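Below is one structure, written out as structure tokens; comments come after it.
The values are calculated or read from the model by the stated rules, or taken from the named source; none is laboratory data. As the structure is a prediction and not an experimental result, all values here were calculated from the model. Using ideal geometry, Cβ is built from the backbone for each residue, glycine included, and neighbour counts are taken over all protein chains shown. With ligands, DNA and RNA removed, areas are computed over all heavy atoms of the protein, side chains included. Shrake-Rupley method; radii C 1.70, N 1.55, O 1.52, S 1.80 Å.
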Amino acid sequence: MSEQAKKPARKKVELDPRFINYRHVWVFVESERGEVHPVSWELLGEGRKLADALGVQLCGVVMAGPGERGRGICAEAFHYGADQCYLVQDPVLTDYRNEPYTKALTDLVNTYQPEILMLGASTLGRDLAGSVATTLKTGLVADCTELVIDAESRNLASTRPTFGGSLLCTILTQRHRPQMATVRPRVMGMPEADTSRSGQIIEVPFSMLETSIITKVLEFIPDDTRDKPNLPFADIIVSGGRGLKKPENFQLVWDLAQVLGAEVGGSRPVVQAGWIELDRQVGQSGKTVRPKLYIAAGISGAIQHRVGMDGADVIIAINSDPNAPIFDFAHYGIVGNAMTILPALTEVFKSHLAQARKAG
Amino acid sequence: MHSVVCIKQVPDSAQIRVHPVTNTIMRQGVPAIINPYDLFALEEALRLKDRFGGTVTVVTMGPPMAEAALRKCLSYGADDAILVSDRAFAGSDTLATSFALTSTIRKIMENMPVDLIFTGKQTIDGDTAQVGPGIAKRLDCQLLTYVSKIVDVDLEQREIQVERRAEGGVQFLKTAMPCLITMLEGTNEMRFGDLDDLFRAARYDLKVWNKEAAGIDDAEMIGLKGSPTVVSKVFAPRPRSQRAEMIETQDNDPKNLAVTLLAKMFTQHPKLEKEIAKRAR
Ligand SMILES: Cc1cc2nc3c(=O)[nH]c(=O)nc-3n(C[C@H](O)[C@H](O)[C@H](O)COP(=O)(O)OP(=O)(O)OC[C@H]3O[C@@H](n4cnc5c(N)ncnc54)[C@H](O)[C@@H]3O)c2cc1C
Ligand SMILES: Cc1cc2nc3c(=O)[nH]c(=O)nc-3n(C[C@H](O)[C@H](O)[C@H](O)COP(=O)(O)OP(=O)(O)OC[C@H]3O[C@@H](n4cnc5c(N)ncnc54)[C@H](O)[C@@H]3O)c2cc1C
């Protein structure tokens, strides 16, 4: 470009004419046996912001068997921010199977043409999202941690961790619609339910014969959840790491958790050593948590641990090494031996809470 | 019984460092390994071969150095290995990757029918878990993700039964072969290869296919051109604006530290104090 030339007016980004008919933000509302996966509500909270930024509607997609409470789920979706819901109920959608769900969702997308489609990065969501994106030949960004609209181009900018969280990258799907993204459970906050909200339910028929579906569900055995920890939804978590040295010392973590009514978590090495169960691992290859308080004892703060607990409101770190990376992102730090600090915290919390109870 | 196992060579992410100034991955010196999740897929395929006989073919799409990962698979007992390598693949996202791998698998099928295709659950670098579902869709075969156990294979009826980790439980599924299985981690343990396989692996004349050999004529479908997703920016996670407030006392006695911490924290976060009081026993 020549220097003398008059500076051209900043080129306006025109929306690709192929995309004009693609409108609205969709969230796949994942339910099985009438139970909605909470990640769907988290996505509606996020989707609401995107729809508002674009000036379009937020739509939920609900799929279920005929006897299931499809309309009830739609009503809940409205409470969490949806303006409309597409409801597909058919016998072949009773249990999740890849083939009928992929067909039902791609049919909906082809008919109603959303510009954005989001799914939870659950086992179901990951199974479905990859198949739908491949059928539609569009882009799918996995495990996003931040979603924003570029006001000028109307493109969705999806940010996700990569290389185990050491780096973040922002990914665009500029030349294809819909733009698809998955988000892991608990990465986004849970929106407040507004029971006064309602919306429009659009029932869409679906005709797929059971005889045409190749995969059959012979049996479903639900997990025994009675004594299972639920870290992703715990309000307080006390976690221990390799710095606790011996499995016996983990008792100090349990003791503090008991006083606080907290769940117990840990870093990967202590899970791999069998000190605590797999369900208690916090981090990239474990659970993502969002407690109000997270206490980390003897945990160095490796990026793979951090990505799982960074969303905590308050983080307390106890570590003998003043240069441990965890102090870079904790809110309060104590340099010292976890084996003496943990019991002290247990004792002080206990007496503080006893006093608070007495005071009413 | 012919299984094709898709494996990816990945940098050992435990040893990945990010350049503090340029925010680029410093790959130098970082060992490349077989994506750990893919070993569960390979072992499962080898077990089926132990039971039913047959062939295990491993496939990877990657740069020439990915040959090392394939040789490792041969040393575990895989029979054949194909490296799909072409500059035209550079920049492929999962849609383009599944296209290239599907075309490769179709080529393999021309020589020998395939009963099962295996992938890992996900990789540790791209970490999308999208390539397996993508291949299954493109091959138009059934997809079984997060399989924890292969319960039964009926080669006569061409049927397979598996246990699959679903949301909130375990599904027992029956489907037709060929199908694509993504294997859950922790479901088996990779064997030690025997000495014969080790020697064979070192000498084996493994196949290197460029895009034409893999049956791809349309370069629009692969590499950056075939990839709807575009990485627009790579950056380091932003540090929290403040480092932790360090709790110290003159004597650094544990109990005094704990008292100081609680006083500070509950002054700054009065709601948290109420929350804890409410739920604690
Ligand atoms: C693909 C991949 C996925 C991963 N996923 C996860 C994941 O999901 N979750 C996870 O946690 N990790 C994960 N990791 C592992 C991660 O990289 C770290 O290795 C791990 O988090 C370290 O655990 P740690 O902090 O308990 O142990 P270390 O890093 O060994 O840290 C121990 C800490 O204890 C401190 N310490 C020692 N003695 C004491 C004492 N007496 N009192 C107090 N402090 C003491 C030390 O100063 C040190 O900081 C993953 C790694 C990879 C490659
Ligand atoms: C920073 C960054 C972010 C990215 N984010 C996205 C994204 O959000 N969406 C997207 O579409 N692409 C993305 N990509 C591109 C993606 O990483 C590549 O397409 C990659 O080749 C395959 O994806 P994956 O590593 O996630 O594999 P996964 O889908 O996690 O792999 C699942 C299984 O497929 C098999 N497999 C995967 N790759 C190969 C291979 N090359 N050869 C043989 N078998 C294989 C293995 O069995 C593996 O276990 C990203 C790339 C980078 C560098």
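Side notes on the structure shown:
- Filter result for B:Ala258 (modelled with pLDDT under 95, among the small types (Gly, Ala, Ser), assigned to a helix (DSSP H, G or I) and farther than 30 Å from B:Tyr76 by Cβ): no
- The set of residues from region A:138-175 being more than 16 Å from ligand 1 (Cβ to nearest atom), within 7 Å of chain B (Cβ to nearest Cβ), in a loop (DSSP other than H, G, I, E, B) and at pLDDT below 95 comprises A:Gln174, A:Arg175.
- Residue list for region A:312-326, filter: part of a loop (DSSP other than H, G, I, E, B) and within 12 Å of ligand 1 (Cβ to nearest atom): A:Ser320, A:Asp321, A:Pro322, A:Asn323, A:Ala324
- The single residue among A:Asp328, A:Asp279, A:Asp313 that is within 8 Å of another protein chain (Cβ to nearest Cβ), under 22 Å from the mean Cα position of the chain (by Cα) and not hydroxyl-bearing (Ser, Thr, Tyr) turns out to be A:Asp313.
- Residue in region B:229-238 that is open to solvent by less than 80 Å² (accessible area, probe 1.4 Å) and touching a Phe, Trp or Tyr at 6+ places or on another chain (Cβ under 8 Å) present: no
- From the list B:Asp152, B:Asp217, B:Asp196, the lone residue that is in the same structural domain as B:Thr128 (by TED's automatic domain parsing), closer than 25 Å to B:Pro113 by Cβ and not in a strand (DSSP E or B) is B:Asp217.
- Considering B:Ala81, B:Ala88, B:Ala166, B:Ala100, the condition of being within 9 Å of chain A (Cβ to nearest Cβ), open to solvent by less than 40 Å² (accessible area, probe 1.4 Å) and in contact with a helix residue (DSSP H, G or I) (Cβ under 9 Å, 6 or more places away or on another chain) is satisfied by B:Ala166 alone.
- Sole residue being near ligand 1 (Cβ under 9 Å from one of its atoms), farther than 25 Å from B:Ser148 by Cα and either more than 17 Å from the chain's Cα centre (by Cα) or open to solvent by 10 Å² or more (accessible area, probe 1.4 Å) (or both), chosen from A:Ile299, A:Ile295, A:Ile236: A:Ile299
- Criterion (in contact with a Cys (Cβ under 9 Å, 6 or more places away or on another chain), within 10 Å of chain B (Cβ to nearest Cβ) and either more than 16 Å from ligand 1 (Cβ to nearest atom) or free of Cβ contacts under 8 Å to residues at least 40 places away in the same chain (or both)) met by exactly one of A:Ile214, A:Ile201: A:Ile214
Conditions (1) among the small types (Gly, Ala, Ser); (2) within 14 Å of ligand 2 (Cβ to nearest atom); (3) closer than 21 Å to A:Arg97 by Cα, marked per residue:
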| position | (1), (2), (3) |
| --- | --- |
| A:Ile116 | no, no, no |
| A:Ala121 | yes, yes, yes |
| A:Asp127 | no, yes, yes |
| A:Asp143 | no, yes, no |
| A:Val148 | no, no, no |
| A:Leu156 | no, yes, no |
| A:Leu167 | no, yes, no |
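- Per-region count, region A:336-360, residues aliphatic (A, V, I, L, M), open to solvent by 20 Å² or more (accessible area, probe 1.4 Å) and within 7 Å of chain B (Cβ to nearest Cβ): 1
- Which numbered condition A:Thr135 misses (of (1) part of a loop (DSSP other than H, G, I, E, B); (2) open to solvent by 10 Å² or more (accessible area, probe 1.4 Å)): (1)
- Qualifying residue in region A:18-41 (condition: at pLDDT below 95, surrounded by fewer than 18 Cβ atoms within 10 Å (Cβ to Cβ) and aliphatic (A, V, I, L, M)): yes
- Residues that are part of a loop (DSSP other than H, G, I, E, B), closer than 29 Å to A:Tyr80 by Cα and at pLDDT 95 or above within region A:191-225 comprise A:Pro191, A:Glu192, A:Ala193, A:Asp194, A:Thr195, A:Ser196, A:Arg197, A:Ser198, A:Gly199, A:Val204, A:Pro205, A:Phe206, listed in sequence order.
- Residue list for region B:137-146, restricted to those being crowded, with 24+ Cβ neighbours inside 10 Å and either more than 7 Å from chain A (Cβ to nearest Cβ) or touching an Asp or Glu at 6+ places or on another chain (Cβ under 6 Å) (or both): B:Leu144, B:Thr145
- So A:Gly286, is it away from chain B (no Cβ under 11 Å) and open to solvent by 20 Å² or more (accessible area, probe 1.4 Å): yes
- As for region B:2-9, it holds no residue that is out of contact with any His (no Cβ under 6 Å at 6 or more places or on another chain), assigned to a helix (DSSP H, G or I), crowded, with 20+ Cβ neighbours inside 10 Å and among the small types (Gly, Ala, Ser).
- Residue check for B:Asp115: in contact with a His (Cβ under 6 Å, 6 or more places away or on another chain), at negative phi and either in contact (Cβ under 8 Å) with a residue 12 or more places away in the chain or surrounded by fewer than 22 Cβ atoms within 10 Å (Cβ to Cβ) (or both): yes
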